[in-house]
1. If a paramagnetic tag sat 7 Å from the Cα of Met54 along the Cα-Cβ line, which residues of region 29-46 would have the backbone N under 15 Å from that point?
2. Rounded to the nearest 5, what % of DSSP beta bridges with both residues in the chain are antiparallel?
3. Run the numbers on the chain and let me know its relative contact order in percent, using alpha-carbon pairs under 8 Å that are six or more apart.
4. What is the set of long-range amide H partners of His130 at a cut-off below 5 Å, with H atoms built 1.01 Å from backbone N?
5. Kindly state, to the nearest 0.05, the FRET efficiency for Ile20 paired with His73, given R0 = 22 Å and r defined as their beta-carbon distance.
6. Is any helix in the chain, taking whole DSSP H runs, at least 18 angstrom long along its axis by alpha carbon and on average at least -0.5 on the Kyte-Doolittle scale, and which ones?
7. Could you give the distance between the Cα centres of region 97-130 and region 61-84, to the whole Å?
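Each value in this text was obtained by applying a stated rule to the coordinates, not by laboratory testing. None of the values given here were measured: they were computed from a predicted structure. A quick note on method: Cβ atoms are made from the backbone with ideal geometry, for glycine too, and the neighbour counts reach across all protein chains shown.
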Amino acid sequence: MNKKIELVKQLYDAFSKKDIHTILGLLSEDIEWGEPENPFNPAGGTRKGHSGFMEWINIGKDAEDILVLEPKHFLTSKDSVAVAGYMKCLAKPTGKVYESDFVHLVKIKDNKIQKFQEFFDTYIAGEAFH
């Protein structure tokens, strides 16, 4: 299997186990972690470094539960992996569930994840939080 895909699959596995220690080990010290801005999504925006990632994690713990995170397709380029998949989440403040396809773009440098950018249906997510 491609080493870049293997690394990204390790990230998804660690997320499924809520293994923050392993996740941090996969991320570069200067990780750039982002998801689309949305006035109703408290975790939206871009955060940098391990401290920024932990800020994102802590916001996410209070804001939503990821019920399903299902990566389906992995595409690679010289330094990146694109992952297409499906997610289902519970917005804790409202108790509403939303579902969306997603694309994650993961840039890799020196066998560490340097950048993670998430794209999903921000409208439907915003409706769940509103």
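1. 29-31
2. 90 percent
3. Reported relative contact order: 24 percent.
4. Sorted by chain and number, the residues that satisfy this come to none at all.
5. Rounded to the nearest 0.05, the efficiency is 0.25.
6. Span-like helices here: 3-16, 49-63.
7. 7 Å
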